[in-house]
Amino acid sequence: MSLRAETPAPPSARVHRFTRAERWVHRATAALMGVCVVTAAVLYVPQLAVLVGRRELVVRVHECAGLALPVPVLLGLASRAFRADLRFLNRFGPHDRVWLRAASRRDRRHGSRPAGKFNAGQKVYAAWIAGATLVMLGTGLMMWFTRLTPLMWRTSATFVHDWLALTIGVVLAGHIGMALGDPEARRGLRTGTVSEEWANREHPLWRP
């Protein structure tokens, strides 16, 4: 019996998803957000505070990272592709409502979750994290520059800042967990390209 060499399967076609500028904005923002979360944990968890020490340095790092958090996005506005992505994220169409209804029913069938370049969950997350970042920045400035606002404002700002920080930590953990469950999405952010099969399955309304 003759043996025939098996023909290797052709590699999946790749489609372009993110430019270098878009990937840089995501990485820089993620790094700064990570610094903010870690330093906040050190400041508010006594065990970590004792372990790390140097509270004043941790406070300064936390403040600088918080102030720098909007910078990658502002610099990213120089990129046409990044501005286009912001427009996609800000548009909420009928298919996004279908996606959210399917998600609320835990319907994981791909056909029940139509999406363009970004799905409805990503759009909601982007809007929420952008608003939360602005609130954190505003309340942080009130806490930092104590002479600019009345005591009642600073007390309220501290309350909002602390509890919103906890909420951001929980939401970020969920975001990271979902990313860990989708290797191809992570590859898109790392290399800028995704497989055509993944794009057709997860974002059928997207036309690269």
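Of the residues that make up the stretch 113-133, is at least one at positive phi and open to solvent by 80 Å² or more (accessible area, probe 1.4 Å)? It would help to see each step written out before you state the result.
Filtering the stretch 113-133 down to residues at positive phi leaves none.
No.
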Index of the failed condition, R201 passing every other in (1) of a type in the set (D, E, K, R); (2) surrounded by fewer than 14 Cβ atoms within 10 Å (Cβ to Cβ); (3) closer than 22 Å to A68 by Cα: (3)
Number of the condition not met by V50 [criteria: (1) at pLDDT 95 or above; (2) among the β-branched types (V, I, T); (3) surrounded by fewer than 17 Cβ atoms within 10 Å (Cβ to Cβ)]: (1)
Any hit, the stretch 85-97, residues being on the phi > 0 side of the Ramachandran plot and open to solvent by 40 Å² or more (accessible area, probe 1.4 Å): no
Any hit, the stretch 151-167, residues being touching a Phe, Trp or Tyr at 6+ places or on another chain (Cβ under 7 Å) and open to solvent by 50 Å² or more (accessible area, probe 1.4 Å): no
Tally of residues being under 28 Å from A165 (Cα atoms) and among the basic types (K, R) across the stretch 107-138: 1
Qualifying residue in the stretch 115-135 (condition: part of a helix (DSSP H, G or I) and touching an Asp or Glu at 6+ places or on another chain (Cβ under 7 Å)): yes
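The values are calculated or read from the model by the stated rules, or taken from the named source; none is laboratory data. Note that the structure is a prediction, hence the values are computed from the model and not measured. Because the Cβ atoms are built from the backbone with ideal geometry, glycine has one as well, and the counts that use them run over all protein chains shown. Quick note on the areas: whole protein, heavy atoms, side chains included, nothing else; ligands and nucleic acids left out. Shrake-Rupley method; radii C 1.70, N 1.55, O 1.52, S 1.80 Å.
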